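Below: the structure, in structure tokens.
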There are 2 protein chains.
Amino acid sequence: MPGTRGRRSDAEVVAAVHTAVVEEVIDVGMGKLTMDGIAQRAGIAKTSLYRRWDTPQAILLDALEAEFPQESPTAAPTGELRGDLVEALRLMVTWLATPTARATGAILAERERYPELAESIYTRVFEPKGGRFTGTVLRHYADTGDIDPALLTPVVLDIGEALVLKCSLDSGALPGEQTLTDIVDQAILPAVGHRR
Amino acid sequence: MPGTRGRRSDAEVVAAVHTAVVEEVIDVGMGKLTMDGIAQRAGIAKTSLYRRWDTPQAILLDALEAEFPQESPTAAPTGELRGDLVEALRLMVTWLATPTARATGAILAERERYPELAESIYTRVFEPKGGRFTGTVLRHYADTGDIDPALLTPVVLDIGEALVLKCSLDSGALPGEQTLTDIVDQAILPAVGHRR
């Protein structure tokens, strides 16, 4: 029970630190992210932070990595390419609504100032989880023979993410279910040779 | 000759003010944009500013409007849909490299704080110039019968802009000629029923 034990478990500490670093970067920005600020917000001693991490950036990357979702195609080859693509975009929209996504956006917006950190987000967070939302699904259906693998170029793998982000930018709100279906039907499926 | 006349022409004053407001918003941000700051940077009296504009926002909108390019399909029905689409994306990339585009991005990034100004950028700047890069071209070829007009949905009209922006965001640089051609060949043309 909270308050009855003097120590939190390792997992509890890590979770508290992850939450703290994301809140902190949204509040104060990358330029003012410090070990002190993170420790205070997480309610732990700074020495405990240093036992596990060397820099605020390392903590932030750990947190972004832990919170980033992994998309997966449905288990069996159901041929449900369309449904799986919509589901992949739903996963992206769900993630975009989280504080972690806001923190990621804050870093990418300042990539000129923090080029290595921005680069690490791609190599440590995005790429290990499939590179792009819809990427895992599209490659799965290329493997099953439903899609010509030659069509899965960087541009085509990016269509879904690009349109979800553009739509959010233009409207100031995350796209709803109908827009996600439209993106799949009108942009992704034609590009992989599946006309409606 | 500079320095030999006491007064600049009206057009010169307007051009100086347009340049000044864009530089000022990039330097100090929307929150600190003032008539004083703009007047000083443009080297004119504040009273001259007020003769033409009521607010710093009005000046900014005027400047963004004046600098935003207008895409146009080639004059005759050459059937050169593909070339015209690449040219439309080139026009977008050229604009993205300007200070005006950076100022526009600064406003859209703060749209929660300046919703009316952000809205005005869409209604006064983007939409009157064709709504979306590639939009004017696509509608032209729908008129000539080369594209089924039913395929020109909001999502499809947005594919080109979305991929150019996404590519810039991911790489931190504007897309080159090969990427623009790939966007047209692999994403836009399939979506309007023109497979490679």
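The values are calculated or read from the model by the stated rules, or taken from the named source; none is laboratory data. Please read all numbers here as calculations on a predicted model, not as lab measurements. Cβ sites come from the backbone with ideal geometry, for glycine too, and all protein chains shown count toward neighbours.
Here are the numbers for this structure:
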quantity: Check on A:G176, more than 8 Å from chain B (Cβ to nearest Cβ) and loosely packed, with under 15 Cβ neighbours inside 10 Å; calculated: yes
quantity: Cβ-Cβ under 9 Å pairs, at least 6 apart or on other chains, region B:161-190 side under 23 Å from A:G193 (Cβ atoms) and at pLDDT below 95, far side in a helix (DSSP H, G or I) and of a type in the set (S, T, Y); calculated: B:C167/B:T179
quantity: Residue selected from region A:44-81 under the condition among the charged types (D, E, K, R) and more than 17 Å from A:D143 (Cβ to Cβ), by the criterion modelled with the lowest pLDDT; calculated: A:E67
quantity: Enumeration of residues in region A:88-123 that are under 30 Å from A:Q186 (Cβ atoms) and within 13 Å of chain B (Cβ to nearest Cβ); calculated: A:L89, A:M92, A:R102, A:T104, A:G105, A:L108, A:A109, A:I121, A:Y122
quantity: Test: residue in region A:30-41 that is touching an Asp or Glu at 6+ places or on another chain (Cβ under 7 Å), at pLDDT below 90 and under 24 Å from A:V14 (Cβ atoms); calculated: yes
quantity: Single condition B:G193 does not satisfy, out of (1) surrounded by fewer than 23 Cβ atoms within 10 Å (Cβ to Cβ); (2) part of a helix (DSSP H, G or I); (3) touching a residue at least 40 places away in the same chain (Cβ under 8 Å); calculated: (2)
quantity: Conditions (1) closer than 17 Å to B:G83 by Cβ; (2) surrounded by 15 or more Cβ atoms within 10 Å (Cβ to Cβ): number failed by B:I121; calculated: (1)
quantity: Any hit, region B:64-87, residues being within 19 Å of B:L163 (Cα to Cα) and within 14 Å of another protein chain (Cβ to nearest Cβ); calculated: yes
quantity: Test for B:P99: is it under 17 Å from the mean Cα position of the chain (by Cα) and farther than 19 Å from A:A109 by Cα; calculated: no
quantity: Residues satisfying the stated conditions in region A:124-157, i.e. within 14 Å of chain B (Cβ to nearest Cβ), surrounded by 15 or more Cβ atoms within 10 Å (Cβ to Cβ) and over 23 Å from the mean Cα position of the chain (by Cα); calculated: A:I147, A:L151
quantity: Of all residues making up region A:103-118, the number that are in contact with a helix residue (DSSP H, G or I) (Cβ under 9 Å, 6 or more places away or on another chain), loosely packed, with under 14 Cβ neighbours inside 10 Å and not in a loop (DSSP other than H, G, I, E, B); calculated: 1
